[in-house]
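> Handing you a structure now.
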There are 2 protein chains.
Amino acid sequence: MTLDKDTERLAKVAKALGHPTRIRILKYLDNQSHCFTGDLVDVLPISQSTVSQHLKELKNAGLIKGEVKPPKIKYCIDQKNWKQAKTLFEDFFK
Amino acid sequence: MTLDKDTERLAKVAKALGHPTRIRILKYLDNQSHCFTGDLVDVLPISQSTVSQHLKELKNAGLIKGEVKPPKIKYCIDQKNWKQAKTLFEDFFK
DNA sequence: AATAGCTATCGTAATTTTACGATAAGAAAC
DNA sequence: GTTTCTTATCGTAAAATTACGATAGCTATT
């Protein structure tokens, strides 16, 4: 059943979106098109390690991806998975 | 900032959607337009108390509402909040 | 080779989530 | 009034989440 797969995927993405900090990160990324961890640490009222942890979850959910630009890591939205997520939510709310 | 309110709201709704069982419940509700707890217990592979717990979370997030039809409780989607959630996600993914 | 800068990971504690069985609550039927 | 039916709530245990400081890793620079 691809329906069940979609359900699992939708739930996983939703879970990744289920924290205000992660929403803010994604909105920031959407505005800036890309950013480094430090940019977020400057903007968000939480520690560097916690920011990194949230980034990890977004990456695990496939919503963002990181590119190593030593000594920094450049994050941006994973457009392919982003589109898929958008579609899943559209279908769900339709 | 209404933006922060929207962020909080979006995260809250997303969190409520962040479990496959709750997605299934909402899909079921969308198909049937309404249902009782027992209907879901028959369909889902989890116990009655767990179903009730998931319903509670969906209700807390405002996505569904229950109407007492003794001795049952009739659940349906909260259309007003559902529309709002739909809009929040649309704006977010736009 | 040593230092400096940036970020992930580790270790940890507090809180939340998820699941279950058992129990309570409410109204209808007998 | 007792029983029956349906569902919420309680109590509980295991697992996951969230947060932090401290530490490690990786480059580039000095």
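The values are calculated or read from the model by the stated rules, or taken from the named source; none is laboratory data. Model, not experiment: these values are computed from the prediction. Cβ placement follows ideal geometry from the backbone for every residue including glycine, while neighbour counts extend to all protein chains displayed. With ligands, DNA and RNA removed, areas are computed over all heavy atoms of the protein, side chains included. Shrake-Rupley method; radii C 1.70, N 1.55, O 1.52, S 1.80 Å.
> Pick from segment B:12-39 the residues that are more than 13 Å from the chain's Cα centre (by Cα) and closer than 22 Å to A:Lys94 by Cβ: which of them is nearest to the other protein chains (Cβ to nearest Cβ)?
B:Asn31
> Is it the case that A:Ile77 is without any contact (Cβ under 8 Å) to a residue 40 or more places away in the chain and out of contact with any Gly (no Cβ under 9 Å at 6 or more places or on another chain)?
no
> I've got another one for you. B:Val13 - would you say it is near DNA strand D (Cβ under 9 Å from one of its atoms), out of contact with any strand residue (DSSP E or B) (no Cβ under 9 Å at 6 or more places or on another chain) and on the phi < 0 side of the Ramachandran plot?
No: the conditions fail for B:Val13.
> While we're here: Could you please find all residues in segment A:1-30 being at pLDDT below 95 and either buried (at least 19 other Cβ atoms within 10 Å of the Cβ) or assigned to a loop (DSSP other than H, G, I, E, B) (or both)?
A:Met1, the sole residue that qualifies.
> Could you tell me whether A:Leu63 is at pLDDT 95 or above, open to solvent by less than 40 Å² (accessible area, probe 1.4 Å), within 14 Å of chain B (Cβ to nearest Cβ) and in contact with a Phe, Trp or Tyr (Cβ under 7 Å, 6 or more places away or on another chain)?
yes
> I've got another one for you. Suppose we keep only residues that are away from chain A (no Cβ under 14 Å) and within 17 Å of B:Pro20 (Cβ to Cβ) within segment B:40-51. Which one would you say is farthest from DNA strand D (Cβ to nearest atom)?
Among residues in segment B:40-51 that are away from chain A (no Cβ under 14 Å) and within 17 Å of B:Pro20 (Cβ to Cβ), the one farthest from DNA strand D (Cβ to nearest atom) is B:Ile46.
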